[in-house]
1. In segment 45-80, which residues are within 12 Å of the chain's Cα centre (by Cα), touching a residue at least 40 places away in the same chain (Cβ under 8 Å) and farther than 12 Å from Lys23 by Cα?
2. When Ser40 is evaluated against the numbered criteria (1) at pLDDT 95 or above; (2) under 22 Å from Gln96 (Cβ atoms), which criterion, by number, is the only one it fails?
3. Considering segment 57-74 alone, what residues qualify as being among the small types (Gly, Ala, Ser) and loosely packed, with under 14 Cβ neighbours inside 10 Å?
4. When segment 22-37 is examined, which residues are found to be at pLDDT 95 or above and closer than 16 Å to Ile76 by Cα?
5. What number of residues within segment 29-56 satisfy the criterion of being surrounded by fewer than 16 Cβ atoms within 10 Å (Cβ to Cβ) and closer than 14 Å to Ser86 by Cα?
6. Has segment 4-13 got any residue that is out of contact with any Asp or Glu (no Cβ under 9 Å at 6 or more places or on another chain), over 23 Å from Ile93 (Cα atoms), of a type in the set (S, T, N, Q) and at pLDDT 95 or above?
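The values are calculated or read from the model by the stated rules, or taken from the named source; none is laboratory data. Just so we're clear, the structure is a prediction, and the values are computed from it rather than from any experiment. No Cβ is skipped: glycine too gets one built from the backbone with ideal geometry, and neighbour counts run over all protein chains shown.
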Amino acid sequence: MSSFDNRKIERFELEIPAFLKLKNGKHNGAIKHKTKNISSKGAFIYVEEPISVGSDVNVDLILPNNSKIKVDGTVIRSDQRGIAVSFDTNYQIFPQNT
């Protein structure tokens, strides 16, 4: 059982846009995906192509009011449906664009 399965933090079923970019620079731009669920410690993100466990990623989460959360994280689980990302403690929140 992975650490993501032993959650002690409440998670929420929430599908929001998630722009994902590998920190190793293999891909030039962020690719739009969607979250399945999210918590203060991480998220499950649907992806079409697998991303290796241990990969460092930049994630931009777009909230329903168009505010944005920018956070770095690490892929801790990957399967045919998507990836589980554990968030770093540093993040930035940007208000909605007006």
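1. Answer for segment 45-80, where residues must be within 12 Å of the chain's Cα centre (by Cα), touching a residue at least 40 places away in the same chain (Cβ under 8 Å) and farther than 12 Å from Lys23 by Cα: Ile45, Asp60, Leu61, Ile62, Ile76, Arg77.
2. Here Ser40 clears every test but (1).
3. First, the residues of segment 57-74 that are among the small types (Gly, Ala, Ser): 67, 73.
Of everything in segment 57-74, just one residue is among the small types (Gly, Ala, Ser) and loosely packed, with under 14 Cβ neighbours inside 10 Å, namely Ser67.
4. Here is the first cut: in segment 22-37, the ones at pLDDT 95 or above are 33-37.
Selection gives Thr35, Lys36, Asn37.
5. The first filter runs over segment 29-56 and keeps only residues surrounded by fewer than 16 Cβ atoms within 10 Å (Cβ to Cβ), leaving 29-32, 34, 37, 40, 46, 48-50, 52-54, 56.
When the remaining residues are screened for being closer than 14 Å to Ser86 by Cα, the result is 37, 40, 52-54, 56.
The qualifying residues number 6.
6. Step one: filter segment 4-13 for residues out of contact with any Asp or Glu (no Cβ under 9 Å at 6 or more places or on another chain), giving 4-13.
Subset that is over 23 Å from Ile93 (Cα atoms): 4-8.
When the remaining residues are screened for being of a type in the set (S, T, N, Q), the result is 6.
Filter once more, so that each one left must be at pLDDT 95 or above: none.
No: zero hits.
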